[in-house]
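Heads up, the thing below is written out as structure tokens.
The values are calculated or read from the model by the stated rules, or taken from the named source; none is laboratory data. Since we're looking at a predicted model, the values are computed, not measured. Neighbour counts run over all protein chains shown; Cβ positions are idealised from the backbone, glycine included. Areas reflect the complete protein model, heavy atoms only, side chains present, ligands, DNA and RNA absent. Shrake-Rupley method; radii C 1.70, N 1.55, O 1.52, S 1.80 Å.
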Amino acid sequence: MKKLFIAVISMAALASRAQEDIVINNANNAIAFDNAFVSTTTKAIDPSITTASITNFQVWGNTQGDHLNSVVVPIFKNETVSNASGVWAYDVNKTQYWIDGNTYNFAAVKNGNVTAFADGLPKTINYSLISDTPGPDLLYATFGPYEAEATGNSKVAFRFAHLLSKAVFTFNNTTNFCKFSFEFFIMFFIT
């Protein structure tokens, strides 16, 4: 009788603990990232930077809603997203999930140092012209605002744009038959 009583107490304790600890998240509703690619709308310092040459980037994200209030809550803070086997993914232990009806915003940076934030997203990015791998371009992408659906949320699809570009000016002097050119870098700041 004593053993039966202890077994019942133990089972009750386990059942109550299991109710506290079990969190069920739908893996199909996890926030994932789609293949990123680089816009060619501005001339890159390193034109070899393409989707194939980018192996990782940093992501920030926030959500607003949570069916309780409209407070903006950061969900990704400088999270590294890497391309392994053709799939962009981040640390599985930091998985975030879409909440139906919430609004989401994301920003991604490659080769930049974020120094100021607005609602948890990059506002100002510093960059040095010191050579970097795969090249000295500052790349930036945003996605959102996006309202999550109950099911079937698409992956976050980043389109990187070159924020650090190279301009080449060539001047011709027809009288003296001399020609010279110079280069300078244009930095676009996010404010």
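Output the residues belonging to the stretch 46-68 that are farther than 25 Å from GLU149 by Cβ, out of contact with any Ser or Thr (no Cβ under 7 Å at 6 or more places or on another chain) and not charged (D, E, K, R). Answer for the stretch 46-68, where residues must be farther than 25 Å from GLU149 by Cβ, out of contact with any Ser or Thr (no Cβ under 7 Å at 6 or more places or on another chain) and not charged (D, E, K, R): PRO47, SER48, ILE49, THR50, THR51, ALA52, SER53, ILE54, PHE57. Go through the stretch 119-128 and give me each residue that's touching a Gly at 6+ places or on another chain (Cβ under 9 Å) and either within 23 Å of PHE37 (Cβ to Cβ) or touching a residue at least 24 places away in the same chain (Cβ under 8 Å) (or both). If the condition is that a residue be touching a Gly at 6+ places or on another chain (Cβ under 9 Å) and either within 23 Å of PHE37 (Cβ to Cβ) or touching a residue at least 24 places away in the same chain (Cβ under 8 Å) (or both), then GLY120, LEU121, PRO122, ILE125, TYR127 are the ones that fit.
Filtering the stretch 94-116 to residues that are of a type outside the set (Phe, Trp, Tyr) and either in a strand (DSSP E or B) or on the phi > 0 side of the Ramachandran plot (or both) leaves GLY101, THR103, ASN105, ALA107, ALA108, VAL109, LYS110, ASN111, ASN113, VAL114, THR115, ALA116. Just so you know, in the stretch 87-109 the residues that are of a type in the set (S, T, N, Q) and open to solvent by 30 Å² or more (accessible area, probe 1.4 Å) include one that is nearest to TYR140 (Cα to Cα), and it is ASN105.
Residues in the stretch 107-118 that are over 12 Å from the mean Cα position of the chain (by Cα) and either without any contact (Cβ under 8 Å) to a residue 40 or more places away in the chain or closer than 23 Å to ASP34 by Cβ (or both): ASN111, GLY112, ASN113, VAL114, THR115, ALA116, ALA118.
Quick grid of which residues meet (1) within 17 Å of GLY120 (Cα to Cα); (2) within 13 Å of the chain's Cα centre (by Cα):
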site: TRP60; (1), (2): yes, yes
site: VAL73; (1), (2): yes, no
site: LYS77; (1), (2): yes, yes
site: THR80; (1), (2): yes, yes
site: GLY86; (1), (2): no, no
site: TYR90; (1), (2): no, yes
site: ASP100; (1), (2): no, no
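Consider the stretch 13-62 and keep the residues that are of a type in the set (A, V, I, L, M) and open to solvent by 60 Å² or more (accessible area, probe 1.4 Å). The one that is modelled with the highest pLDDT is ALA52. Pairs meeting the criteria (first residue in the stretch 149-176 and in a loop (DSSP other than H, G, I, E, B), second residue charged (D, E, K, R) and at pLDDT 85 or above, beta carbons under 6 Å, at least 6 apart or on different chains) are ALA150/ASP100; LYS155/ASP34; ALA157/ASP34. Candidates are the residues of the stretch 152-171 that are farther than 18 Å from ALA36 by Cβ and surrounded by 10 or more Cβ atoms within 10 Å (Cβ to Cβ); the one that is modelled with the lowest pLDDT is ALA167.
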